[in-house]
Amino acid sequence: MPVPAGVDVNAFDPVPRLNSRARKVRPSRRSLSRITTLHPCIAARIFKRPRATGNLTSQVTQQTQRTQSKALATNQPAMARRISLLAVVLAVAAVSAAAQNCGCAADQCCSRWGFCGVGSDYCGKGCQSGPCDVPDTNNVSVASIVTPEFFAALVAQAADSCAAKGFYTRDAFLSAAGGYPSFGRTGSVDDSKREIAAFFAHANHETIKFCYIEEIDGPSKNYCDPTFTQWPCAEGKGYYGRGPLQISWNYNYGSAGTSLGFDGLGDPDAVARSPVLAFQTALWYWDNNVHSAIVSGQGFGATIRAINGALECDGKNPTAVNNRVAYYQQFCQQFGVDPGSNLTC
């Protein structure tokens, strides 16, 4: 889509991001980067010494101790090699397991290390996906954080010639947010501020500072994945990015439509016609894929991975990642909250 007349291109992000993105709802994968300690049982095997087996005389005991000390000193290099080799083997095994085990069942959590299971070790802090434990909801008012002044400044970034000028409104956002009681209301007040800052950082990036409703050149792109047979693509319909988070792909439109009560597969354009529905689809995606990451302490970087990690994380598009982080830090500063750690992906 050509940039509308009167729009300051230089004010936008240096790399356009309203493009093809991979948004299958699949858990991210992480691996252990290193093994820092040996399990006590393994260490005991490596360093085990003979135990006393009876009433030995002092002379025999002393001789045994001298013999053991000499043997230990002689074998130290070999032991070191054995320890190093064992650590490497354990690390490789851990990485392999982490890579294999994060396609968890629906009732299991993917832990911070990439393993599936239930309980606090898997569903607690750092949980990547699944029914992760999250802090209790609070009585924070989202409207008190997203003030009229904040929202007005947000949408004022868009030039008069932008397609979305006047489309995104604070009333529409608050109406949509009312359907998601955990959004911006989970954990501490600072947690609430960080989540709201993260949401608007991604929305600011995805819409090029609230200039667009639909993805640039969206109709020319194919976002139909026929392998999702429960969400069959309708002939002549395009499932390209629309709304604040640019929801895309037939399986997202179909699932969102079922949840929100609109024909996502037959009428995906409805998202671009209704400001409330546009925010609802964005918050639907956020609630299902992003919310647990930001409120469970994984940091803003985990939200990038949940939204567009396949195309941006792990060095694929550092400029886009840095843009998102910059917006997040800016909004955190406006809300008076520390952005926390783990900002990139």
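Just so you know, all these numbers are worked out from the coordinates, no wet-lab data involved. Source: prediction; values computed, not measured. In this analysis, Cβ positions are derived from the backbone assuming ideal geometry, glycine residues included, and neighbour counts consider all displayed protein chains.
Summary table below
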quantity	calculated
Loop sites in segment 184-263: GluC sites (Glu not before Pro), DSSP, at most 13 other Cβ within 10 Å	Glu235
Cβ-based exposure ranking for Ile307, Ile208, in which fewest neighbours within 10 Å come first	Ile208, Ile307
Charge tally in the Cβ shell below 12 Å around Gly264, where Lys, Arg are +1 and Asp, Glu are -1, Gly264 excluded	-1
Protection proxy ranking, peptides 270-281, 240-251, 330-341, average beta carbon neighbours within 10 Å, highest first	240-251, 270-281, 330-341
J(HN,Hα) series, segment 236-241, from Karplus relation 6.51 cos²θ - 1.76 cosθ + 1.60, nearest Hz, glycine and proline x	x, 9, x, 10, 7, x
